[in-house]
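A quick write-up on the structure given underneath.
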Amino acid sequence: MQYQAAKVAPPFVELDEGSYLLQMLYEAGPVKSSPMGGREALDWVDIHAYLSLTVDDVEGWEANLLRRMSQAYAAGLSEGTSPFSIAPVDRGQSLRLPP
């Protein structure tokens, strides 16, 4: 929102490889609605349902990475609601995905 208010394009991470995983995450829906309101990461059931209907062959590490990407996405959405949060691009260190 700060970038939009300043009318500056937000910095995005350039992907050399693996962009298909990001595309798969967005096709599956990076997060889902939480029963208590808000958003939460996709469960294994959600990922399995998406993959079984769309992808012929997927390796375990790819499914695991999709889950971790969804967790990071959900964490970023939650963190983004705090005015005291520092944007990942401004932290000066590499991000670590939740285990």
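Just so it is clear, none of the values below were taken in a lab; they were calculated from the coordinates. Bear in mind that the values here come from a model prediction, so they are computed numbers and not experimental data. Because the Cβ atoms are built from the backbone with ideal geometry, glycine has one as well, and the counts that use them run over all protein chains shown.
After finding the eigenvalues of the alpha carbon gyration tensor for region 17-80, what semi-axes result from the square roots of 5 times each, listed largest first in whole Å?
Result for region 17-80: semi-axes of 21, 13, 9 Å.
Test of the criteria: in region 1-87, which GluC sites (Glu not before Pro) are in a DSSP loop and have at most 10 other Cβ atoms within 10 angstrom of their Cβ?
14, 17, 59
Work out the FRET efficiency for residue 1 and residue 64 from their Cβ-Cβ distance, taking R0 = 30 Å, and round it to the nearest 0.05.
0.40
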